[in-house]
Amino acid sequence: MSSNNTPKPVKDVIIELNTDVNKGLSEDEIKKRIEQYGYNEIEEKKQSSIKRLAKKFWGLTSWMLEITMVLTLVLHRDLDFYVVTGLLLLNVILGFAQEQRASSALEALKQKLHVMTKVIRGGAWKSVSARELVPGDIIRVRAGDFVPADVRIIEGNVEVDQSALTGESLTVSKEKEDQVFSGSVIKRGEITGVVVGTGPRTFFGKTTELVRIAKPKLHMEEVISQVVKWLLVIVIILLGAALAFSVLKGQNLFDLLPLALVLIVSAIPVALPAMFTITMALGSMELSKKGVLVTRLSASEDAASMDTLCVDKTGTITHNTLSVVDIVPLNGHTQDDVIVYGTLASEEANQDPIDMAFINNAKSRNLNFSKYTVKQFVPFDPATKRTEATVNFDGHEIKILKGAVNIISQLCQMDKGMQEQVNDAVDKMANNGYRSLGVGLIDGNKTELVGVVGLYDKPRADSSKLITELRSLGVAVKMLTGDAAPIARRMASLVGLGDNVAEAPEFRKITDETKLAEVIEKSDGFAEIYPEDKYKIVKSLQLKKHIIGMTGDGVNDAPALRQAEVGIAVNSATDVAKGAASVVLTQDGLINIVDLVKIGRMIFQRIVTWIFNKVVKVFQIVVFVVAAFFIWGKFIVGTFDVLLLLFLIDFVTLSISTDHVRWSKKPDRWDVNWLVRVSIILGIAVVLESLLMEYLGIKYFGLLSNLSRLHTFGFDILLLSGMFTIFVVRERGHFWSSKPSNVLLGAIIADIILSSTISITGIPGLAPIPAIDVLYVIGFSVIFSLIVNDFIKIIMLKKLTSK
């Protein structure tokens with residue numbers, strides 16, 4: 001398919017684009033063409049800022065505030081109207097600003113998640129960002145790659161998935177002279193081609209985007225939604241009783257409605273959208289600095305709950321740098337013959353670790369390939385488990401095979417003695433932890449095994465330590481490898497995983513799901529794994545209620561990566577695997593995964609602190625106000641006081657997203673009942689302490705005779721005790737066990753100074769009170785929060801945790 005009815009031959013296209021198939025373009029030429037054609041990208045259409053800002057005025061919190069604005073206006077309570085308007089604008093502006101900040105953070109992540117393409121420039125193959133491709137570049141794409149630009153095929157053939165472009169679900173075959181389009185996916189085979197269109201000049205006008213940052217509804221949002229609904233029920237019931245009581249006392253119901261609405265608003269998490277946005281964006285950026293790129297914002301939450309991690313041996317536990325360590329020539333061939341044939345069935349442009357092991361060994365031996373001409377190369381296919389090369393040698397054609405020993409052996413003619421020799425060689429290599437590959441030769445009607453090659457990929461120096469650390473964090477680690485069981489057991493033993501390694505051919509025979517799940521759950525690792533087995537392993541472990549992390553790199557790993565709660569694409573993964581994963585690593589090894597677990601749990605703890613504080617604060621405000629009304633017959637705060645309180649508290653609670661927290665030593669799970677019980681018990685203590693402070697204030701400061709002073713005093717109790725309560729709820733141990741972040745500490749101190757100042761000097765709507773009154777509230781708040789409530793929390797957590 002092409003945009004022209006009679007496409008030019010690809011050789012003419014190469015001449016027209018003034019490029020060289022063997023050398024590619026020079027760096028100077030690349031710069032000129034970027035100036036001429038621009039970068040290989042298309043500007044994304046974005047919703048206007050005005051529309052996004054307007055949407056912030058629509059929603060439950062905004063509606064409640066807007067209704068309150070109308071009521072205060074109708075009742076001619078102008079000051080209350082201005083404050084409610086200010087709170088609404090604060091909510092809108094904060095939400096909009098933090099959304100902008102999060103969008104910027106996600107854009108930065110997307111820049112790091114660009115598609116990388118193999119391209120030849122200046123005679124050397126290298127990986128560059130697809131954004132930097134220009135017409136005339138010679139590139140190579142293979143199974144699992146996204147096509148980064150419109151490309152005419154020079155050599156090779158592929159099966160292409162164009163569904164993202166055309167909607168057609170069936171793959172399309174493409175061969176030499178055909179064109180493959182930007183945004184399609186290579187499903188099978190590999191090609192070398194010349195770039196003919198980039199950016200807006202591509203046929204379909206779409207550039208390849210490796211990952212769309214997904215923003216699913218977080219489970220923590222559902223948890224908070226449940227808690228808030230529960231709180232709203234309590235608030236409405238208590239306010240209904242208070243309003244009924246006020247009617248019986250003959251008070252004007254309409255005068256009390258604004259206060260009632262504002263108290264309802266206090267139960268609604270006004271700062272929740274901004275809090276989540278900041279927390280998740282900051283968490284994602286923190287992970288990014290550690291080399292972990294989050295593509296689904298729920299990944300950090302899932303990582304906090306992850307209790308089982310399934311990791312590929314190659315590249316995660318080991319270096320993914322293979323070297324030839326043993327060669328067993330057969331059928332009269334020499335070691336050099338084995339390496340020559342193995343190298344001919346390899347492709348340097350692909351930078352495949354196995355291929356490079358042969359190529360590098362051949363270079364170290366200074367082997368001569370002048371008599372050989374590779375006519376066709378068929379890349380590794382998981383279905384056939386081998387590579388193939390058709391080679392012209394001394395005027396006749398031979399075919400070379402390289403792949404799994406059992407696969408190559410089945411294709412070769414061998415007697416019993418030869419088979420035993422091969423088996424002995426494979427067993428010996430396996431016992432040493434070496435991976436064995438067979439090299440076969442088809443010459444006319446004769447197919448023979450040239451030799452068996454042992455490859456070794458050393459375990460990383462830190463693998464054993466990091467596996468131990470993950471286990472100390474409550475995460476079980478299971479190794480997955482396509483290698484034979486002896487190799488897998490040897491590697492598992494070296495890194496301290498244990499020797500209970502299950503063999504995939506055996507557990508494939510188990511048809512009972514429950515029994516299979518038990519076998520998989522008890523295993524330390526799995527040998528002879530195919531990509532499709534990974535999906536079965538994930539499903540089986542999920543059947544046992546585990547939260548699973550799964551690493552993957554190949555196109556066939558995509559289903560398992562999508563199924564796992566935390567799909568982790570390793571650094572060397574194909575584009576398809578990265579697109580399916582929720583996390584992409586930029587470094588090899590386990591260190592990034594340890595960081596993911598720790599930071600995920602820190603994010604979780606910040607959210608728990610926010611919920612804990614929110615429930616305690618709402619419970620205190622509403623129960624204290626209603627209880628005081630029943631006791632003294634007066635509302636101890638007015639509409640203005642509560643609005644100002646919400647205004648000042650939100651400023652501080654947003655700072656919890658930056659707090660210093662410690663990751664938990666075991667996987668975090670949401671337990672709403674536990675969280676509510678802890679919050680309500682602490683909330684009851686805070687309410688009783690607030691009523692005691694109010695009682696002493698009324699008794700010794702004569703507050704009942706001055707309603708304005710009573711309101712200011714009540715405002716101080718709610719705000720100042722709330723500030724000191726944050727020190728208690730942010731730390732699971734005693735409050736002094738860890739220091740708050742500078743941002744949080746600064747916000748709390750600023751709020752205390754500001755509220756104390758306006759209480760003493762007074763502002764319109766808030767009558768001044770003596771400094772002694774404020775100091776009295778601060779003193780009692782310190783004693784109650786940092787001594788009494790801190791010990792209540794410790795005792796309560798110990799009792800509830802032990803159950």
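Given the residues 426, 422, 391, which is the only one that is touching a Ser or Thr at 6+ places or on another chain (Cβ under 9 Å), at pLDDT 90 or above and either farther than 17 Å from residue 330 by Cβ or open to solvent by 60 Å² or more (accessible area, probe 1.4 Å) (or both)?
391
Could you tell me which residue of region 317-345 is most open to solvent (accessible area, probe 1.4 Å), considering only residues that are touching a residue at least 12 places away in the same chain (Cβ under 8 Å) and small (Gly, Ala, Ser)?
So the residue we want is 323.
Answer with yes or no whether residue 370 is within 30 Å of residue 398 (Cβ to Cβ), surrounded by fewer than 16 Cβ atoms within 10 Å (Cβ to Cβ) and of a type outside the set (Val, Ile, Thr).
Yes: the conditions hold for residue 370.
Of 34, 42, which residue is touching a helix residue (DSSP H, G or I) at 6+ places or on another chain (Cβ under 8 Å), at pLDDT below 75 and closer than 30 Å to residue 19 by Cα?
None of the others qualify; the one that does is 42.
Filtering region 369-422 down to residues that are among the small types (Gly, Ala, Ser) and part of a strand (DSSP E or B), which residue is nearest to residue 155 (Cα to Cα)?
The qualifying residue nearest to residue 155 (Cα to Cα) is 389.
Answer yes or no: is there a residue in region 301-313 that is open to solvent by 30 Å² or more (accessible area, probe 1.4 Å), more than 21 Å from residue 453 (Cα to Cα) and touching a Gly at 6+ places or on another chain (Cβ under 9 Å).
Scanning region 301-313, I find at least one residue that is open to solvent by 30 Å² or more (accessible area, probe 1.4 Å), more than 21 Å from residue 453 (Cα to Cα) and touching a Gly at 6+ places or on another chain (Cβ under 9 Å), so the answer is yes.
Do you know which residues across region 785-801 are surrounded by 14 or more Cβ atoms within 10 Å (Cβ to Cβ) and either touching a strand residue (DSSP E or B) at 6+ places or on another chain (Cβ under 8 Å) or at pLDDT 90 or above (or both)?
If the condition is that a residue be surrounded by 14 or more Cβ atoms within 10 Å (Cβ to Cβ) and either touching a strand residue (DSSP E or B) at 6+ places or on another chain (Cβ under 8 Å) or at pLDDT 90 or above (or both), then 785, 786, 788, 789, 790, 792, 793, 794 are the ones that fit.
Do we find that residue 782 is without any contact (Cβ under 8 Å) to a residue 60 or more places away in the chain, surrounded by fewer than 19 Cβ atoms within 10 Å (Cβ to Cβ) and touching a helix residue (DSSP H, G or I) at 6+ places or on another chain (Cβ under 8 Å) in this structure?
Yes.
Does residue 446 satisfy the criteria of being farther than 20 Å from residue 588 by Cβ and basic (Lys, Arg)?
So residue 446 fits the description; yes.
Considering 577, 573, which residue is touching a strand residue (DSSP E or B) at 6+ places or on another chain (Cβ under 7 Å) and assigned to a loop (DSSP other than H, G, I, E, B)?
None of the other options fit; the residue is 573.
Can you say whether residue 557 is touching a Lys or Arg at 6+ places or on another chain (Cβ under 8 Å), among the charged types (D, E, K, R) and at pLDDT 90 or above, as far as the supplied structure shows?
For residue 557, the condition - touching a Lys or Arg at 6+ places or on another chain (Cβ under 8 Å), among the charged types (D, E, K, R) and at pLDDT 90 or above - is not met.
Do you know which of the residues in region 757-779 that are within 17 Å of residue 694 (Cα to Cα) and among the hydroxyl-bearing types (Ser, Thr, Tyr) is least open to solvent (accessible area, probe 1.4 Å)?
Per the stated criteria, the residue is 759.
Would region 267-285 turn up any residue that is more than 30 Å from residue 379 (Cβ to Cβ), at pLDDT below 90, over 24 Å from the mean Cα position of the chain (by Cα) and among the small types (Gly, Ala, Ser)?
Looking through region 267-285, at least one residue is more than 30 Å from residue 379 (Cβ to Cβ), at pLDDT below 90, over 24 Å from the mean Cα position of the chain (by Cα) and among the small types (Gly, Ala, Ser).
Before we move on, is residue 461 open to solvent by 10 Å² or more (accessible area, probe 1.4 Å) and in a loop (DSSP other than H, G, I, E, B)?
Spelling it out, residue 461 is indeed open to solvent by 10 Å² or more (accessible area, probe 1.4 Å) and in a loop (DSSP other than H, G, I, E, B).
Can you tell me which of 60, 73, 53, 89 is more than 29 Å from residue 292 (Cα to Cα), surrounded by fewer than 19 Cβ atoms within 10 Å (Cβ to Cβ) and at pLDDT below 75?
The match here is 60.
Can you tell me which residue within region 621-638, out of those that are surrounded by 24 or more Cβ atoms within 10 Å (Cβ to Cβ) and of a type in the set (Phe, Trp, Tyr), is nearest to residue 80 (Cα to Cα)?
Checked region 621-638; the qualifying residue nearest to residue 80 (Cα to Cα) is 635.
Looking at region 577-587, is at least one residue touching a Lys or Arg at 6+ places or on another chain (Cβ under 9 Å), crowded, with 24+ Cβ neighbours inside 10 Å, of a type in the set (Gly, Ala, Ser) and within 22 Å of residue 666 (Cα to Cα)?
Yes.
Out of 477, 453, which single residue is at pLDDT 90 or above, outside any helix (DSSP H, G or I) and closer than 18 Å to residue 540 by Cβ?
Answer to the check: 477.
Right, residue 129: under 27 Å from the mean Cα position of the chain (by Cα) and modelled with pLDDT of 75 or more or not?
So residue 129 fits the description; yes.
Return a yes/no flag: does region 757-779 have any residue that is under 40 Å from the mean Cα position of the chain (by Cα) and part of a helix (DSSP H, G or I).
no
Just one of 154, 120 is modelled with pLDDT of 90 or more, in a strand (DSSP E or B), of a type outside the set (Gly, Ala, Ser) and over 25 Å from residue 553 (Cα atoms); which is it?
From the options 154, 120, the qualifying one is 154.
Could you please find all residues in region 480-491 being in a helix (DSSP H, G or I) and without any contact (Cβ under 8 Å) to a residue 60 or more places away in the chain?
Residues satisfying the conditions are 485, 486, 487, 489.
Condition check: part of a helix (DSSP H, G or I), over 14 Å from residue 729 (Cα atoms) and not hydroxyl-bearing (Ser, Thr, Tyr). Does residue 612 satisfy that?
no
Can you confirm whether residue 113 is touching a Phe, Trp or Tyr at 6+ places or on another chain (Cβ under 7 Å), modelled with pLDDT under 75, within 29 Å of residue 42 (Cβ to Cβ) and open to solvent by less than 70 Å² (accessible area, probe 1.4 Å)?
Spelling it out, it is not the case that residue 113 is touching a Phe, Trp or Tyr at 6+ places or on another chain (Cβ under 7 Å), modelled with pLDDT under 75, within 29 Å of residue 42 (Cβ to Cβ) and open to solvent by less than 70 Å² (accessible area, probe 1.4 Å).
Quick one: which helices (runs of 4 or more DSSP H) sit completely within region 499-560 and have at least 3 residues that are touching a helix residue (DSSP H, G or I) at 6+ places or on another chain (Cβ under 9 Å) and open to solvent by less than 70 Å² (accessible area, probe 1.4 Å)?
513-522, 531-543
The values are calculated or read from the model by the stated rules, or taken from the named source; none is laboratory data. All values derive from a computational prediction rather than experimental measurement. Positions of Cβ are backbone-derived with ideal geometry, glycine not excepted, and every protein chain shown enters the neighbour counts. Just so you know, the surface numbers come from the protein's heavy atoms only, side chains and all, with ligands and any DNA or RNA stripped out. Shrake-Rupley method; radii C 1.70, N 1.55, O 1.52, S 1.80 Å.
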